[in-house]
Amino acid sequence: MSTAPLMPATKMSAPSWMGLTDAHIQSIGKHHGLVADVKTAFEAMQLAAQKDGIDIQLASSFRSFDRQLAIWQKKWLGTLPINDIHSHPINTSEYTELEKIHAIMTWSALPGASRHHWGTDLDVYDKKAIERCGQPLQLVSAEYELAGPCYELHCWLEENADNFGFYRPYKTYNGGVAPEAWHLSYAPISKSIINQLELSQLANQLASVNIGGKQTILRHLDKLFERYTLNGIIQ
């Protein structure tokens, strides 16, 4: 059971949970940012792991709406690969728009619906272990499995992450987002935020931007939202 303190419900505005502002974010180094309480918890966890020989570093943290939209567009247009649940690239040239949307959302959230917008969620890796293996970090499952460079990190998180308030929303595959052993969420805050998400506000934001598959996304948004955005809810 987590030893992190319970916190009062955190109220987050729609611009914040959709990644339209970073006013709720505190910087960590030059390239990352988290909500203040999450930053504190992460740094405490990082220090504890260091004492056990694990070099936890951030691969991703806060991500803006525009950044998430750019990722989506690159996948939609084919300049970034779309992978299956086993991290193998797939050819979507004969997919319907809806099939292509599902394929993208296996690994990448809709802009405005990413947990990374909240500043409570982060992707982590063992920097020194990756350096020792001589291969660049890819954030694929094999890196966190037995014989992978981040396997010891994976085991350490299994035993210790909840002591700092973190859990893995995509630990297992539930028919939505693929398993992500590297993705941590700070439960004392994220649990309250996910209950504040408003589908109508997300729909209005998506309708206002140029996004691949927009009309199909909007027609099926309720089911996409339930299958992928709510996939990592704490039961």
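The values are calculated or read from the model by the stated rules, or taken from the named source; none is laboratory data. Model, not experiment: these values are computed from the prediction. Here the Cβ is made from the backbone with ideal geometry for all residues, glycine too, and neighbour counts use every protein chain on show. Quick note on the areas: whole protein, heavy atoms, side chains included, nothing else; ligands and nucleic acids left out. Shrake-Rupley method; radii C 1.70, N 1.55, O 1.52, S 1.80 Å.
Probe of 1.4 angstrom, ligands and nucleic acids ignored: what's the accessible area per residue over segment 132-225, in square angstrom?
Accessible area per residue, segment 132-225: 49 Å².
Which value in deg cm²/dmol, rounded to the nearest 500, describes the helix-derived mean residue ellipticity at 222 nm for the chain, given -39,500 (n - 2.57) per DSSP H run of n ≥ 4 and division by the residue count?
Value at 222 nm, helices only: -10000 deg cm²/dmol.
What list of whole percents do you get for P(r) of the chain, with Cα-Cα distances grouped in 10 Å bins up to the one holding the largest distance?
So the P(r) values, bin by bin, are 7, 32, 37, 19, 4, 0.
Classify segment 127-235: rounded, prolate or oblate, from the alpha-carbon gyration tensor (a ≥ b ≥ c, eigenvalue square roots; a/c under 1.5 rounded; otherwise prolate if a/b is larger than b/c)?
Note, shape of segment 127-235 comes out prolate.
Would you mind checking which residues have amide H under 5 Å from Ile28's amide H? H placed 1.01 Å from N; only 5 or more apart, or other chain.
Residues meeting the amide H criterion: Gly33, Leu34.
Using a 1.4 angstrom probe, figure out how much accessible area segment 5-120 has per residue, in square angstrom, rounded to the nearest whole. Intermediate results must be reported in sequence, preceding the final value.
Working: 5860 Å² over 116 residues.
Using a 1.4 Å probe on heavy atoms only, each residue of segment 5-120 averages 51 Å².
Taking the alpha-carbon distance from Lys100 and a cut-off under 20 Å, which aspartates and glutamates remain once sequence neighbours fewer than 8 residues away in the same chain are dropped?
Once the sequence-local aspartates and glutamates are set aside, what remains near Lys100 is Asp84, Asp222, Glu226.
Residues of segment 185-215 with the amide nitrogen closer than 11 Å to a label point 7 Å from the Cα of Ser93, along Cα-to-Cβ, please.
none
Could you give me D for segment 6-80, from Stokes-Einstein at 20 °C and 1.002 mPa s, where the hydrodynamic radius is the Kirkwood radius over C-alpha pairs? Units µm² s⁻¹, please.
148 µm²/s
Computing the accessible area with a 1.4 Å probe over protein heavy atoms, can you report the carbon and sulfur percentage for segment 1-107? Walk me through the intermediate numbers first.
On the way: 3310 of 6140 Å².
That fraction is 54 percent.
Where the eigenvalues come from the Cα gyration tensor of segment 55-98, what are the semi-axes √(5λ) of the equivalent ellipsoid, largest first, in whole Å?
Numbers: eigenvalues 119, 50, 12 Å².
Gyration-tensor ellipsoid for segment 55-98: 24, 16, 8 Å.
For Ile193, what is the net charge nearby, where nearby means another residue's Cβ is under 12 Å from its Cβ and Lys, Arg count +1, Asp, Glu -1?
Residues near Ile193 contribute +1 overall.
Would you mind calculating the gained length between Gln196 and Arg132 on full extension (0.36 nm times residue separation, minus the Cα-Cα distance), in nm to one decimal?
Answer, rounded to one decimal: 18.8 nm.
Classify segment 166-217: rounded, prolate or oblate, from the alpha-carbon gyration tensor (a ≥ b ≥ c, eigenvalue square roots; a/c under 1.5 rounded; otherwise prolate if a/b is larger than b/c)? Don't skip to the end; give the middle numbers.
Numbers: a/c = 2.91, a/b = 1.58, b/c = 1.84.
Judged from the Cα gyration tensor, segment 166-217 comes out oblate (a/c at least 1.5, b/c at or above a/b).
From the square roots a ≥ b ≥ c of the eigenvalues of the alpha-carbon gyration tensor of segment 22-143, which class results: rounded (a/c under 1.5), prolate (a/b over b/c), or oblate?
oblate
Label points 7 Å out from Cα along the Cβ direction at Ala36 and Lys11: separation in nm?
For the pair Ala36/Lys11, the computed spacing is 1.7 nm.
At a 1.4 Å probe, what is the % contribution of carbon and sulfur to the accessible area of segment 113-228?
47 percent
Can you tell me the order of 77-89, 152-164, 104-116 when each peptide is scored by its average per-residue count of other Cβ atoms within 10 angstrom, highest first? Display every interim value, and only then the final one.
Working: 77-89: 12.8, 152-164: 17.6, 104-116: 22.1.
Result, highest mean first: 104-116, 152-164, 77-89.
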